[in-house]
């Protein structure tokens, strides 16, 4: 099969790889119909995630058609169209049974931090991802959801990650009616978070970024107020957020939807580049600094081990609640599917680029450089 | 900077109540999620895990792609013997990643160029010998 493969930092290549096979009775093999490049794939692409091996295929956002079915699978048959959550979850362990599928104990032998994830380095189990013509999907009775017959792949593609991730970010902020929510990052997850904050009753949603074209989308697609932090001087966005909120207290909820490759702080960037910390935690730092006392801070942007520089003393003294997670995608699927059906969220509205799988290396270059007003790239394999 | 009136936004507040939010409470009363046809998944017998923390049992399913190889593989094997809470593990894995890139891009290129140089030298030598 053809697959996009990692060759080293900032280098991807389309290569021939052996077809995936059924390796466990509860596996299926899918023929991929749509696959997206996630912002967090860029952390892999830039060589920031430990144990990212040359030859790995990325991709944890994909839909497909069931091609081959393991002997133990009961819910799916050949020909079913499915979307697949990025977490690989057994459905029965201590964590899955409590709804914490991102913490599954039975899919990642590499460490006890996180469940297996498709195409996200060997740190999350060493599974190939969906940026290929075919992909192996373990625990097929648990994760995958059949795509309703009246819906197109692109209507539901982002249920695999960014929409539930954004929704869970807003949810972890424990938003109460009328509260002010600031979202750092106008990338795909930031946009989904802003949209979800409205559904959860926010009174004001503010999105912070440095790219005007993305802030335009935050206004038009997510109805958010926007701030370009480069217009407010060095770290001035923190004071500005306090100045524009009630009582100059700061937002009630602050959400980091950027993760470890944030711009805006020379110190953070330098410490990240010199490997003294795992990337730049600028967005999380600003979230802690700008939120009101007693407020809620959410880290949903991706960070890797081992540590990052954040103002913990400020968080402690302000009495903040900090929550962080990989999304437990499975438990959000029916609920968010209803929001899509009702037209409350149109996830495909953020797709800026559709390319053939063979053009994957270009797609990575465009997305990483944020060229051509790129917000979200979707790859379409030939057989789709 | 436009300020939006919430009530003009389609769906505003539909999930305002905590009980309408699928992730609340964070931890559910234990019960299987999805439709698993087992109480506990059976172990995978095909292939071998390509990343295995020696402090953890092998999980019932695991990835088998891109096995460890070369010097980078030796470093990764050593790294997975270090507990994940020690930064040393992650530093070793990052170093192995850089060596992996050299092994699979620069070494093959150097080998190819070296082979070509030997071939050209051989051809030149053979042609001169004929004269």
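The values are calculated or read from the model by the stated rules, or taken from the named source; none is laboratory data. Here the structure is a predicted model, which means the values were calculated and not measured. Note that each Cβ is placed from the backbone with ideal geometry, even for glycine, and that neighbours are counted across all protein chains shown.
Brief remarks on what is shown
- The listed residue being touching a residue at least 60 places away in the same chain (Cβ under 8 Å), away from every other protein chain (no Cβ under 14 Å), touching a helix residue (DSSP H, G or I) at 6+ places or on another chain (Cβ under 8 Å) and buried (at least 22 other Cβ atoms within 10 Å of the Cβ), out of A:332, A:364: A:364
- Looking across region A:64-114, the residues that are assigned to a loop (DSSP other than H, G, I, E, B) and more than 10 Å from every other protein chain (Cβ to nearest Cβ) come down to A:70, A:71, A:77, A:78, A:79, A:80, A:86, A:114.
- Matching residues, region A:61-85, being in contact with a helix residue (DSSP H, G or I) (Cβ under 7 Å, 6 or more places away or on another chain) and over 18 Å from residue A:24 (Cβ atoms): A:61, A:62, A:63, A:83
- Criterion violated by residue B:67 - all others in (1) at pLDDT 95 or above; (2) more than 7 Å from chain A (Cβ to nearest Cβ); (3) under 21 Å from residue A:138 (Cβ atoms); (4) surrounded by fewer than 13 Cβ atoms within 10 Å (Cβ to Cβ) satisfied: (4)
- Within region A:256-290, tally of residues that are within 19 Å of residue A:170 (Cα to Cα), touching a helix residue (DSSP H, G or I) at 6+ places or on another chain (Cβ under 8 Å) and part of a helix (DSSP H, G or I): 5
- Members of region B:71-87 that are in a helix (DSSP H, G or I) and at pLDDT 95 or above: B:71, B:72, B:73, B:74, B:75, B:76, B:77, B:78, B:79
- Residue within region A:52-63 that is at positive phi, more than 12 Å from chain B (Cβ to nearest Cβ), touching a strand residue (DSSP E or B) at 6+ places or on another chain (Cβ under 8 Å) and part of a loop (DSSP other than H, G, I, E, B) present: yes
- When residue B:41 is tested against (1) within 19 Å of residue A:125 (Cβ to Cβ); (2) exposed (fewer than 15 other Cβ atoms within 10 Å of the Cβ), only condition (2) is not met.
- Subset of region A:200-234 that is at the interface with another protein chain (Cβ under 9 Å from one of its Cβ atoms) and under 17 Å from residue A:296 (Cβ atoms) - its residue that is surrounded by the fewest Cβ atoms within 10 Å (Cβ to Cβ): A:201
- Residues in region B:74-103 that are more than 9 Å from chain A (Cβ to nearest Cβ), without any contact (Cβ under 8 Å) to a residue 12 or more places away in the chain and surrounded by 16 or more Cβ atoms within 10 Å (Cβ to Cβ): B:82 alone.
- Which listed residue, of A:175, A:162, is within 26 Å of residue A:209 (Cβ to Cβ) and either modelled with pLDDT under 95 or at the interface with another protein chain (Cβ under 9 Å from one of its Cβ atoms) (or both): A:175
- Qualifying position, being more than 29 Å from residue A:98 (Cα to Cα) and touching a helix residue (DSSP H, G or I) at 6+ places or on another chain (Cβ under 9 Å), among B:25, B:6, B:30: B:6
- A residue that is farther than 27 Å from residue B:16 by Cα and assigned to a loop (DSSP other than H, G, I, E, B) cannot be found anywhere in region A:245-255.
- Condition check for residue A:73: closer than 23 Å to residue A:329 by Cα and either modelled with pLDDT under 95 or more than 23 Å from the chain's Cα centre (by Cα) (or both): yes
- Output for region A:36-50, where each listed residue is away from chain B (no Cβ under 13 Å) and part of a helix (DSSP H, G or I): A:39, A:40, A:41, A:42
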